[in-house]
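The values are calculated or read from the model by the stated rules, or taken from the named source; none is laboratory data. Note that this is a predicted model, so its numbers are computed, not measured. Here the Cβ positions follow ideal geometry from the backbone for every residue, glycine too, while neighbour counts run over all protein chains shown. These area figures cover heavy atoms from the full protein model, side chains too; ligands, DNA and RNA do not enter into them. Shrake-Rupley method; radii C 1.70, N 1.55, O 1.52, S 1.80 Å.
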Amino acid sequence: MTKTKAAPAAASMPADGMVEGYAATFDRIPDAYGDVIKAGAFSDTLKAWEESGKPIPLLYGHSTDDPQYNIGKVVEAHEDEKGLFVRAEFDGDNEKAQYVRKLVQEGRLYQFSFAYEVLDGSTVELDNGAKAY
């Protein structure tokens, strides 16, 4: 089953009109599903995308069935000590993309989200003694 997550960190728009921020963080705070993400969780997927030569699509609302919701492409994605950082550009020929860009610019949209499948997971005990997946 594919799930989706919204990152707690804010997306921002640098002066060049791109959008950037953390799609996921490794802060060990359970999300709405009770999950935490381990550093390295994205390394195989990022490598596979790089090897494919295809860009990671920037989708609005996880919609893959309507091409108008494919609003751009990720131009940089990497893991660092904080989480999965992404930088993406909006499609200049897509009206929906330009409206979403405007909403980000105005601060009305401010989170990234990603779809995922857990391939290797287990229950862990956090520093405060709470359990998470």
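With θ taken as phi - 60° and the coefficients 6.51, -1.76 and 1.60, list the Karplus ³J(HN,Hα) couplings across segment 52-62 in order, rounded to whole Hz; mark glycine and proline as x.
6, x, 9, x, 6, x, 9, 9, 9, x, 6
What is the spin-label model distance, in nm, from residue 125 to residue 35 if the labels are put 7 Å beyond Cα along the C-beta direction?
2.4 nm
For residue 46, what accessible surface area do you get with a 1.4 Å probe? Give it in Å², rounded to 10.
Result for residue 46: roughly 40 Å² accessible.
Taking Cα atoms, how many degrees apart are the long axis of helix 95-105 and the longest axis of the chain, rounded to 10 and kept between 0 and 90?
60 degrees
Output wanted: per-residue J couplings in Hz (rounded whole) for segment 107-123, from phi through Karplus 6.51 cos²θ - 1.76 cosθ + 1.60, θ = phi - 60°, x for Gly and Pro.
Couplings: x, 7, 10, 8, 10, 8, 9, 9, 8, 7, 10, 7, 9, 8, x, 7, 7 Hz.
How far apart, in nm, are the 7 Å Cα→Cβ label points at residue 110 and residue 87?
2.3 nm
Show me 101-114, 27-40, 83-96 ranked by packing, highest mean number of other Cβ atoms within 10 Å first.
On the way: 101-114: 15.1, 27-40: 13.6, 83-96: 17.4.
Final packing ranking: 83-96, 101-114, 27-40.
For the chain, what is the Kirkwood estimate of the hydrodynamic radius, computed as the reciprocal of the mean inverse distance between distinct Cα atoms, to one decimal in Å? Don't skip to the answer; put the middle values down first.
Working: mean 1/r = 0.0634 Å⁻¹.
Its Kirkwood hydrodynamic radius stands at 15.8 Å.
How much of residue 20 can a 1.4 Å solvent probe reach, expressed as accessible area in Å² and rounded to 10?
50 Å²
Cα to Cα, under 17 Å, and not fewer than 8 places away if on the same chain: which aspartates and glutamates meet these conditions relative to residue 73?
16, 20, 50, 51, 65, 89, 91, 93, 95
Taking 7 Å along the Cα-to-C-beta vector as the label spot, tell me the residue 64-residue 49 distance in nanometres, rounded to one decimal.
Result: 1.4 nm between the two label points.
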